[in-house]
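**Student:** Here's a structure for you.
What follows draws every value from the coordinates through simple rules; no lab data is involved. Computed from a predicted model, the values in this text were never measured in an experiment. A quick note on method: Cβ atoms are made from the backbone with ideal geometry, for glycine too, and the neighbour counts reach across all protein chains shown.
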Amino acid sequence: MLQTNLLAPGHADLVTHVVYDFYGERIATCSADQRIKIFRRSNEGLWEPEADWKAHDAAILHLSFSHPLHGSLLASCSHDRTVRIWEEGPRSHGTKEGRWIERAVLGGAKGSVRVLEFSPPNPSFGLRLAAISTDSRLRVYTSLDPSLNDWSTAHDIHLPSLASPYAGQEETRINENATVEISTGGWGLSWCKEKFWGSLLAAFSGTSPTVKIIVLDPAPTALLHLTTPAPASPLTCVAWANSCGRSYHLVATGSRDGRVIIWKVEPPDPEERGRGEWKGEIVADFGKGPRIGTVDWNATGTTLTVSDDDGMIRVYKPTYSRDWKLMGQMTAEEPPPMDDRGH
């Protein structure tokens, strides 16, 4: 089994999220201990601690690096109902440690902010950050201030109320009880990386088995509902792949029952932009198992990585016949020590 190295210990509580920066040279981790840690990859391939600070007043749940076009920014969200924007400051002379400066504290959520993600660069809309909280509201923040001190809410959307424009795509919710929804539901979003179709993202909230493809401008509209076929379970994660010249998009979802689905999303003909109908079909449906933690695509959208609550990481790739197959798997557990004979 291939293994590189372990990150240096340091968090005093459960690690809740790990994220790479755009170039894969840095890793940020957050934890229920209210701290964020940054690690940088050295020339020897080791991950060395670079920064560590208390970032919130409650457990931190999710992180997102911005595209380098917008500078070195990191966003975090927490059970304290805030989103915070951090910018890397100048390094102190003679030290490798970085200093991250708080640029904004974004409030307004009436529940824990569970997930957030910076948008890909798009000159038409500038810097945007989307976040979903347990009140099932999708909030999109933007800043036109070069100093990043002035942020405003571009959109505030109640996801369950965002109906599909097409008949027969009504949203279903597995459990309407709010207390049960917070304990068993999920919240997720992923931006479309292609600029041609505008500011698009996929999002879901609560116990709904439906991912909504949403265009934000000029007014938030659900273009398509992707509903997991019965028997459905609440979703836990979603990832939108880079199209890389394909005429269609791939969106992957994971569920509490361990089900992973890959959707093929076809936009209308470019000549019918704004009038045509978006279509979605399932191209892969992997069996049930432990709860899915994350789904993530590689840079070209040709390989899907899935992690679950058993600590297993599985890698799927399409064959020449376009059937998605398991290419390999690994465990996040530390291997047992070897004896003197290397066994």
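**Student:** Quote the Stokes-Einstein diffusion coefficient, in whole µm² s⁻¹, for the chain, based on the Kirkwood radius over alpha carbon pairs, a temperature of 25 °C and a viscosity of 0.890 mPa s.
**Tutor:** In µm²/s, the coefficient is 116.
**Student:** Follow-up. State the three equivalent ellipsoid semi-axes of the range 221-334, derived from the C-alpha gyration tensor as the square roots of 5 times its eigenvalues, in descending order and whole Å.
**Tutor:** Output for the range 221-334: semi-axes of 27, 17, 11 Å.
**Student:** Here's something else I'd like to know. Take the chain, connect every pair of alpha-carbon atoms lying under 10 Å apart with a spring to form a Gaussian network, then pick out the residue of Pro290, Pro90, Pro209 with the largest mean-square fluctuation.
**Tutor:** Highest fluctuation among the options: Pro90.
**Student:** How many angstrom lie between the Cα centre of the range 110-152 and the Cα centre of the range 285-325?
**Tutor:** 28
**Student:** Work out the length of the dipole vector of the chain about its Cα centre, built from +1 on the beta-carbon of each Lys and Arg and -1 on the beta-carbon of each Asp and Glu, and round it to the nearest 20 debye.
**Tutor:** In debye, rounded to 20, the chain gives about 340.
**Student:** Under the √(5λ) rule applied to the eigenvalues of the Cα gyration tensor, what semi-axes describe the equivalent ellipsoid of the range 13-161? Give them in Å, descending.
**Tutor:** Value: 26, 18, 13 Å, ordered largest first.
**Student:** A follow-up question, please. For Val18 and Ile101, compute 0.36 nm times the residue count separating them, minus their Cα-Cα distance, and round to one decimal in nm.
**Tutor:** Extending this stretch completely gives an extra 27.9 nm.
**Student:** So if we plug the beta-carbon distance of Leu69 and Ala230 into 1/(1 + (r/R0)^6) with R0 = 51 Å, what FRET efficiency do we get, rounded to 0.05?
**Tutor:** That pair, Leu69 with Ala230, gives E of 0.75.
**Student:** Run the simple label-point estimate for Asp309 and Leu7 please: 7 Å along Cα→C-beta, distance reported in nm.
**Tutor:** For the pair Asp309/Leu7, the computed spacing is 2.2 nm.
**Student:** Follow-up question, since we're still on this one. For the chain, with a Gaussian network of springs between Cα atoms less than 10 Å apart, report the residue from Thr253, Thr153, Thr331 with the top mean-square fluctuation.
**Tutor:** Sorting by GNM fluctuation, first place goes to Thr331.
**Student:** Here is a follow-up. Between Thr300 and Phe125, take the C-beta separation as r, use R0 = 25 Å, and let me know the FRET efficiency to the nearest 0.05.
**Tutor:** Calculated transfer efficiency: 0.55.
**Student:** Right, another one. Would you mind ranking Lys195, Lys212, Lys37, Lys54 by Cβ crowding within 10 Å, fewest neighbours first?
**Tutor:** Lys54, Lys195, Lys37, Lys212
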